[in-house]
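Read through the structure below, which is laid out as C-alpha cells, and then see the notes.
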Amino acid sequence: MKRKAIHAEYRKTSESFPEWLKYEITVLDENGKTEKIPAYGKDLQDALSRVVHDEKVEKIGRTARVIPWWGWVLTWFGYLGFISFWWSTTNNVNILAGGVLSAMIILVFIMLWSKDRNIDKS
C-alpha cells in the first residue's frame, strides 16, 4: 500500500495571495499512522499535487545525496570530455555549443523542478 490522502479540510484563504487557499490534508502512511500536512494551492487538486511534488523531490534528493560530490564532478567532466572528443573528431562547433547549452538547460530545469512547491503563501 502506498501513502493515501484520506481527508482534506479547507482552512483559510490567504490574505497576501487572494487566489491561494490553505488546506490540511490527512495522509495514511504505509505503516498505518496518519500525518497531517498543511497544503497550499489554488484549489484542492493543486494543493495535493504540490504535496506529491514535494515528496518526489525529497525522495530524489535523498537518492542524489548518496552519490558523493566527486561522483558528480567525474560525471560532469566525463560528459564534457565526451562532447569535446565528439567535437574534435567531427570538427563541428555546433556539437560543442549544443552539448554545453543542453547541459545548462538540463541543470536549470532540475533546479527549477526541485524547488518546494508547498510553501506558505499566507
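Worth a mention:
- Sole residue being touching a Ser or Thr at 6+ places or on another chain (Cβ under 6 Å) and among the charged types (D, E, K, R), chosen from K59, K36: K36
- G78 vs. criteria under 30 Å from V100 (Cα atoms) and not charged (D, E, K, R): yes
- Tally, over the range 66-122, of residues that are of a type in the set (G, A, S), touching a residue at least 24 places away in the same chain (Cβ under 8 Å) and in a helix (DSSP H, G or I): 1
- Total residues in the range 53-84, condition closer than 17 Å to W113 by Cβ and surrounded by 14 or more Cβ atoms within 10 Å (Cβ to Cβ): 4
To keep it simple, each residue is scored yes or no on (1) more than 30 Å from P18 (Cβ to Cβ); (2) in contact with a helix residue (DSSP H, G or I) (Cβ under 6 Å, 6 or more places away or on another chain); (3) not assigned by TED's automatic domain parsing to the domain that holds R3.
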{"site": "K42", "(1), (2), (3)": "no, no, no"}
{"site": "S49", "(1), (2), (3)": "no, no, no"}
{"site": "E55", "(1), (2), (3)": "no, no, no"}
{"site": "E58", "(1), (2), (3)": "no, no, no"}
{"site": "R62", "(1), (2), (3)": "yes, no, no"}
{"site": "T75", "(1), (2), (3)": "yes, no, yes"}
{"site": "G78", "(1), (2), (3)": "yes, no, yes"}
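So that you can scan it fast, the table gives a plain yes or no per residue for (1) over 18 Å from E55 (Cα atoms); (2) among the small types (G, A, S):
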{"position": "K2", "(1), (2)": "no, no"}
{"position": "I6", "(1), (2)": "no, no"}
{"position": "R11", "(1), (2)": "yes, no"}
{"position": "E19", "(1), (2)": "yes, no"}
{"position": "D29", "(1), (2)": "no, no"}
{"position": "E35", "(1), (2)": "no, no"}
{"position": "A39", "(1), (2)": "no, yes"}
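- Within the range 1-56, the residues that satisfy the criterion of being part of a loop (DSSP other than H, G, I, E, B) and free of Cβ contacts under 8 Å to residues at least 24 places away in the same chain are P18, E19, N31, G32, K33, K42, D43.
- Those residues of the range 103-122 which are loosely packed, with under 12 Cβ neighbours inside 10 Å, modelled with pLDDT of 90 or more and over 17 Å from V57 (Cα atoms), in sequence order: M104, I105
The values are calculated or read from the model by the stated rules, or taken from the named source; none is laboratory data. Since the structure is predicted, the reported quantities are computational estimates derived from the model, not experimental observations. Every residue, glycine as well, gets a Cβ built from its backbone with ideal geometry; the counts of neighbours run over all protein chains shown.
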